[in-house]
Structures are given as structure tokens and as C-alpha cells.
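One structure coming up, written as C-alpha cells, with questions to follow.
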Amino acid sequence: MTPFSSPQDDKLAPSQLNLEPVVAMEKLIKLGIHRADRDPSVILTGSMVAGGMISVGGAMLVLTAGGVDPSVASQVPGLVSLLGGLVFPVGLVWITLAGQDLLTSNMLYSALPFFDSRPVREAAQSTSTKIRNYLKVFTLSALGNSAGCLVMAAGCASYLFLPGTPYAAFAAALATKKCSLTIGGAIAKGMTSLLFEFSAQG
């Protein structure tokens, strides 16, 4: 079993994929408990790798959409968004297939034990343990993802998005647009993004 995989008991045979909702929830809760019980170094390492992977998707978006000729982009306004939407998910797919630790998916898995209705005496975790595990996974995932993204950003800024190139201009414009969002707009976009990522990784 690799450090990032789920317990062997939680793996499903093809004939078991159609589960009753209650059974499926029980297995997801077990998976959430398992992911939180891992060694902190494993979670941090997986989070750093995931940060790098998601950044690759972001770099592909900038290289693809930023390389579109401005005259073409003005005539076909949706082209840039279409190209970006096609390449950015590559990073998310890598993370999902490799089983790495992206903050958003770990937020979902770490929250699932809170919905465990079994009494503590039946192997369910106490509330204090659930809170402690949630904070542990949240903190390590946030730190690891941020570190991986920063390393990738530094590399891209040094070798790909050089000053004066259309890629640097596109990346700057994209960052400015995101930073100019209102608090409410940023929260709404963040919640929508989480729903899509939870669906993809869940």
C-alpha cells in the first residue's frame, strides 16, 4: 500500500460499485478517518506534490490562453475561456489519479467523520478527535499546497513567463482580475469551485 492510498479493506470490486447510500457513506467516513490518521510528513509531502501538480494546470492555462493572438481573442471572446477550461483540469486529474493531497478534497474527507452517527463505543471518533484531525489535515494541506504552488510559480516566472512576453501579461491580468473581486464574489466563486472539485475527487 502506498502512503497516499486508502486501506485495502475500503477498495471496492467492480461488483460493489453500486452501493446503498448508507453503505457508501460508511466507507467514505472510514476513508476520511484513514486519511487523517496518516503521519503528518506523509500528508505534507502529498500536499506539496499536489500543489505542484495543480500549478502545472495553471501554467498550461497561461501558456495556452496567453498565447492566443489578441486580434483573434477579440473576434472570438469565448476562445480564451474554452482553451483555459480544456487544459487547466489536467493538474486536477493528475492529483486525483495519483491520490495526492489537495486542500479542497482533504477538507471534504476530514469533514465526513463529523457525520458518523455511531456511538463512540462502536469505534466512532470522539468530537475532540474529529476536530483535532480536521485542523491537522487542513493546516498541513494548506501549507503543503502553498509551498508546492510557490515553487512552481517561481520556476514559471523565471523560465516561462518572462517580462515582455504575452504569457507574463496574461498572468498579470488574470491575477489582477482575481484580486479585484469583492469579498462576496470571491466567496461565491470559491464555494462553486469547491462543489465542482468535490464532485471530481469525491
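With (1) of a type in the set (V, I, T); (2) without any contact (Cβ under 8 Å) to a residue 60 or more places away in the chain; (3) closer than 15 Å to K136 by Cα as the list, and V72 as the residue in question, which single condition is left unmet?
Unmet condition: (3).
Shifting gears a bit: Residues G164, G148, G85: which one is in contact with a Gly (Cβ under 8 Å, 6 or more places away or on another chain) and among the small types (G, A, S)?
Answer to the check: G148.
Then there is this: I'd like to know if the range 61-83 contains one or more residues that are within 18 Å of the chain's Cα centre (by Cα) and farther than 23 Å from P166 by Cβ.
no
Right, another one. For the range 127-138, which residues satisfy the criterion of being under 20 Å from the mean Cα position of the chain (by Cα) and surrounded by 14 or more Cβ atoms within 10 Å (Cβ to Cβ)?
Hits for the range 127-138 are N133, Y134, K136, V137, F138.
Go through (1) without any contact (Cβ under 8 Å) to a residue 12 or more places away in the chain; (2) farther than 23 Å from F196 by Cβ; (3) part of a helix (DSSP H, G or I) one by one and return the number of the condition L162 breaks.
Going through the list (1) without any contact (Cβ under 8 Å) to a residue 12 or more places away in the chain; (2) farther than 23 Å from F196 by Cβ; (3) part of a helix (DSSP H, G or I), L162 breaks only (3).
Mind checking which residues of the range 91-107 are part of a helix (DSSP H, G or I) and buried (at least 17 other Cβ atoms within 10 Å of the Cβ)?
Result: G91, L92, W94, I95, T96, L103, T104, S105, N106, M107.
Still on this structure, please answer the following. Restricting attention to the range 117-159, and to residues there that are out of contact with any helix residue (DSSP H, G or I) (no Cβ under 7 Å at 6 or more places or on another chain) and not in a helix (DSSP H, G or I), which single residue is modelled with the highest pLDDT?
If we take residues in the range 117-159 being out of contact with any helix residue (DSSP H, G or I) (no Cβ under 7 Å at 6 or more places or on another chain) and not in a helix (DSSP H, G or I), then S117 is modelled with the highest pLDDT.
Is it the case that some residue within the range 42-57 is in a helix (DSSP H, G or I), over 24 Å from A154 (Cβ atoms) and at pLDDT below 90?
No, there is no match, as no residue in the range 42-57 is in a helix (DSSP H, G or I), over 24 Å from A154 (Cβ atoms) and at pLDDT below 90.
Working only within the range 156-188, note down all residues that are surrounded by 13 or more Cβ atoms within 10 Å (Cβ to Cβ) and either in contact with a Ser or Thr (Cβ under 7 Å, 6 or more places away or on another chain) or farther than 14 Å from V62 by Cα (or both).
Once the filter is applied, which keeps residues that are surrounded by 13 or more Cβ atoms within 10 Å (Cβ to Cβ) and either in contact with a Ser or Thr (Cβ under 7 Å, 6 or more places away or on another chain) or farther than 14 Å from V62 by Cα (or both), the range 156-188 yields L181, A186.
The values are calculated or read from the model by the stated rules, or taken from the named source; none is laboratory data. The structure presented is a predicted model; accordingly, all values stated were derived computationally and were not measured. A quick note on method: Cβ atoms are made from the backbone with ideal geometry, for glycine too, and the neighbour counts reach across all protein chains shown.
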